[in-house]
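Step one of this worksheet: look at the structure below.
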Amino acid sequence: MAAYGGDASSAEARRRSKLSAGPHHRDRELAPLDKDRILSCLGTRWLGRDMRLFAQLASTNELAISLAQKGESGTVILAEVQTRGRGRLSRHWESPSGGIWMSLILRPDIPIALAYQINMAICVAVCRAISNLLGLNPGIKWPNDLLIGERKVGGILMEVQAEGERLEYAVVGVGINANIDPSAFPDDWMATSLSREGGSEVSRTALIQRTLLEIERAYENLGSMEIYDEWRRRSATIGRMVRISANSGELVGEVEDLAEDGALLLRRNDEVVRVLAGDCIHLRGMGGL
């Protein structure tokens, strides 16, 4: 999952060997993703109707951005493996076979100042898909990580282009650890997978179909209180002691709430600070215990 790049040590070589040949990867060995199979039961009206599936890409977001610059919309890029996947702050995103690595091209008619609504809606949509299909209950770690318990199962990366004050396009990368053995990752990555949490392998085809359907529905409800309320309700960060690394420096405090504009409200002694962007690390349990 989202992680810093590694080195060429023997431990790293063993880890990569496990990622490529681990016993939990029967899904990709026996049933690689098939575009026609995904499209045959895809319930969306427009999202993903133009779908590009690759055995390997450097980055699905990179390709999606190049297509967005040519005017495409609603296109979905999927890859079995990413070799240069990126998370927030340009961190390396480990993307072995067995996961779901896809990027969406969206063109909402909104000002760039409201771009946070897209991230909010897609986080909610992916959680809905996992909950409805698998019965698991992921939480959202501000601003865009998906957790089960304390471990990361997925994440969102949005990259946008504006023309003046208007949003020209948004490319949204969605990464989900579906059928991946989390023991292949270093412990400090705090990763898990849907197959580990659910006790059996999941159908990536069905999960892609349901995820795209939920994203289309949430996208068409962009900016609604329904999306905000669910995003806030699913938060795994409210009430936590956190450390925020932002351009202005480092902040430590307890998260009091999440605002409608996506800002994190951080209590530091007797003041509440609004944080619009930054890297968030959970420090302790609920209520700072």
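Some points to look at:
- The range 153-193, subset small (Gly, Ala, Ser) and open to solvent by 50 Å² or more (accessible area, probe 1.4 Å), residue nearest to ILE281 (Cα to Cα): SER183
- Subset of the range 65-75 [in contact (Cβ under 8 Å) with a residue 40 or more places away in the chain and touching a Lys or Arg at 6+ places or on another chain (Cβ under 9 Å)]: ALA68, SER73
- Residues of the range 221-247 that turn out to be in contact with a strand residue (DSSP E or B) (Cβ under 9 Å, 6 or more places away or on another chain) and without any contact (Cβ under 8 Å) to a residue 40 or more places away in the chain, as a count: 5
- Leading residue by the ranking (most open to solvent (accessible area, probe 1.4 Å)) among those in the range 245-267 that are in a loop (DSSP other than H, G, I, E, B) and of a type in the set (S, T, N, Q): ASN247
- Residue pairs whose Cβ atoms lie under 7 Å apart, sitting 6 or more positions apart in sequence or on different chains, and linking a residue in the range 93-122 that is closer than 24 Å to ASP50 by Cα to a partner that is among the charged types (D, E, K, R) and open to solvent by less than 10 Å² (accessible area, probe 1.4 Å), are ILE100/ARG204.
- Screening ASP229 with (1) under 16 Å from the mean Cα position of the chain (by Cα); (2) closer than 29 Å to TRP46 by Cα; (3) not small (Gly, Ala, Ser) gives one miss only, at (1).
- Exclusive hit being open to solvent by 40 Å² or more (accessible area, probe 1.4 Å) and either in a helix (DSSP H, G or I) or within 22 Å of ILE208 (Cα to Cα) (or both), set ASN137, ASN119: ASN137
- Number of residues in the range 98-116 that are open to solvent by 10 Å² or more (accessible area, probe 1.4 Å), closer than 29 Å to LYS35 by Cβ and assigned to a strand (DSSP E or B) equals 0.
- Filter result (over 18 Å from GLU220 (Cα atoms) and within 10 Å of the chain's Cα centre (by Cα)) within the range 109-142: ILE140
- Scanning the range 76-89 finds one or more residues that are in contact (Cβ under 8 Å) with a residue 40 or more places away in the chain, aliphatic (A, V, I, L, M) and in a strand (DSSP E or B).
- Residue that is open to solvent by 50 Å² or more (accessible area, probe 1.4 Å) and touching a residue at least 60 places away in the same chain (Cβ under 8 Å), where the choices are ALA277, ALA218: ALA277
The values are calculated or read from the model by the stated rules, or taken from the named source; none is laboratory data. All values derive from a computational prediction rather than experimental measurement. As a convention, Cβ positions derive from the backbone with ideal geometry for all residues, glycine included, and neighbour counts pool all protein chains shown. The protein model used for the area step is the full one, side chains on, heavy atoms only, and it has no ligands, DNA or RNA in it. Shrake-Rupley method; radii C 1.70, N 1.55, O 1.52, S 1.80 Å.
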